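Presented below is the structure to which this report refers.
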Amino acid sequence: MEPLHWPDFHQVESDKPKSTMEKLPFIGWWFSPSDMPIIDNINDQLSARPKPDVTIWGKDLTRQKLAQYMCSTIKAEYKWLNDHFMPGDPLEILLQLPWDDLKIVEFVMQIEEDLEIEIKDEEVEAWDGTLADIVDFLIDKQERAAE
């Protein structure tokens with residue numbers, strides 16, 4: 001299975017101006033009506049995927065468990081169709097970048113509470129890459145918190 005990708009018709013324009021009249025609250029940040037096909041396309045990609053076997057995350061049981069937690073948390077928080085996420089899926093898609101400040105704050109607070117760790121604002125601002133990168137980051141945070 002290949003990682004999720006933006007549809008061919010999507011142009012990433014994080015700073016494109018949108019009038020207040022165009023904005024609709026939807027899944028994490030403000031979408032204009034023209035953005036709805038993008039979300040539909042990503043959900044189509046997810047629906048075409050079978051649920052990946054947990055071993056896609058490697059043999060480490062801690063990593064598998066944390067990956068399953070992150071997949072279900074992202075699905076719930078961002079209202080994705082399912083949690084059939086893979087290690088190589090880009091965060092910009094899963095977390096629907098550019099995100100609004102409140103959504104990411106709520107998301108990180110949930111992770112901190114559930115995993116009993118502290119994540120600094122600077123660390124969140126540096127989140128980039130793939131879901132695997134965040135899973136590994138969180139494993140490292142948990143290990144340091146246990147010391």
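The values are calculated or read from the model by the stated rules, or taken from the named source; none is laboratory data. Computed from a predicted model, the values in this text were never measured in an experiment. Glycine also receives a Cβ, built like all others from the backbone with ideal geometry; neighbour counts cover every protein chain displayed.
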Identify the residue in the range 9-58 that is at pLDDT 85 or above and charged (D, E, K, R) and, among all such residues, is surrounded by the most Cβ atoms within 10 Å (Cβ to Cβ). Arg49
Listed by range, helices (runs of 4 or more DSSP H) wholly within the range 97-147 having at least 1 residues that are loosely packed, with under 11 Cβ neighbours inside 10 Å, more than 14 Å from the chain's Cα centre (by Cα) and among the basic types (Lys, Arg) are 131-146
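Tell me which residues, restricted to the range 121-147, are of a type in the set (Asp, Glu) and either touching a helix residue (DSSP H, G or I) at 6+ places or on another chain (Cβ under 6 Å) or in contact (Cβ under 8 Å) with a residue 12 or more places away in the chain (or both). Explain how you work it out, then say what you get.
So the first thing to find is which residues in the range 121-147 are of a type in the set (Asp, Glu), and the list is 121-123, 125, 128, 133, 136, 140, 143, 147.
Matches in the range 121-147: Glu123, Asp128, Asp133, Asp136.
Test Leu115 against the criterion of being closer than 18 Å to Asn43 by Cα and in contact with a Leu (Cβ under 9 Å, 6 or more places away or on another chain), and give yes or no.
Working: closer than 18 Å to Asn43 by Cα: no; in contact with a Leu (Cβ under 9 Å, 6 or more places away or on another chain): yes.
It is false that Leu115 is closer than 18 Å to Asn43 by Cα and in contact with a Leu (Cβ under 9 Å, 6 or more places away or on another chain).
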Could you tell me whether Gln96 is among the polar types (S, T, N, Q) and either over 13 Å from Tyr69 (Cα atoms) or without any contact (Cβ under 8 Å) to a residue 24 or more places away in the chain (or both)? yes
